[in-house]
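Bear in mind that the values in this text are calculations on the coordinates, not laboratory data. Since the structure is predicted, the reported quantities are computational estimates derived from the model, not experimental observations. Using ideal geometry, Cβ is built from the backbone for each residue, glycine included, and neighbour counts are taken over all protein chains shown.
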Amino acid sequence: MHAASPCTCFQLRRAARRVSQVYDRHLAAAELSLNAYSILRRSSQPRPLGELADALGMDRTTLTRNLKPLLEAGLLSSGPGEDARRRELHITASGKRRLQKAFPLWRQAQEEIETLFGSTRTAALNQQLEALNQVLEQGQHA
């Protein structure tokens, strides 16, 4: 057992890496990582790049790097939006099929976490993380 770190960021990142490993293991059967799955899920409607980055809590550079393999695999396409200066992402038919294949695998990962940690504790953790995210987001816009 490790001594508990007083650093909130370290604790969150370490837990996030371990949780991500569970999801990645399950989603591998659909040939997707958790990052790729999250991007596809949030691309079910055409979205400008900046809006998608905000929804994912990523900067645009990181999102662009994560989009490259999805675009190359034909799971997403990119084109001009209503405003020709802004690019929009569109999920392709292939991307929709991959997402349908991945959803039950994502659900298995979710159930594994809930089994290990407890569904009540998982729900409480999700509420706390959402509250933390909202406070931090408001602080950035203040």
Residue 94 vs. criteria among the small types (Gly, Ala, Ser), in a helix (DSSP H, G or I), under 24 Å from residue 140 (Cα atoms) and out of contact with any strand residue (DSSP E or B) (no Cβ under 6 Å at 6 or more places or on another chain): no
Tell me which residues, restricted to segment 8-62, are outside any helix (DSSP H, G or I) and on the phi < 0 side of the Ramachandran plot. 32, 33, 42, 43, 44, 45, 46, 47, 48, 58, 59
Here the residues within segment 5-25 that are closer than 19 Å to residue 125 by Cβ and touching a Leu at 6+ places or on another chain (Cβ under 6 Å) are 20, 23
Do we find that residue 96 is among the basic types (Lys, Arg) and within 13 Å of residue 35 (Cβ to Cβ) in this structure? no
Lone unmet requirement of (1) surrounded by 15 or more Cβ atoms within 10 Å (Cβ to Cβ); (2) over 30 Å from residue 8 (Cβ atoms); (3) within 19 Å of the chain's Cα centre (by Cα) for residue 81: (3)
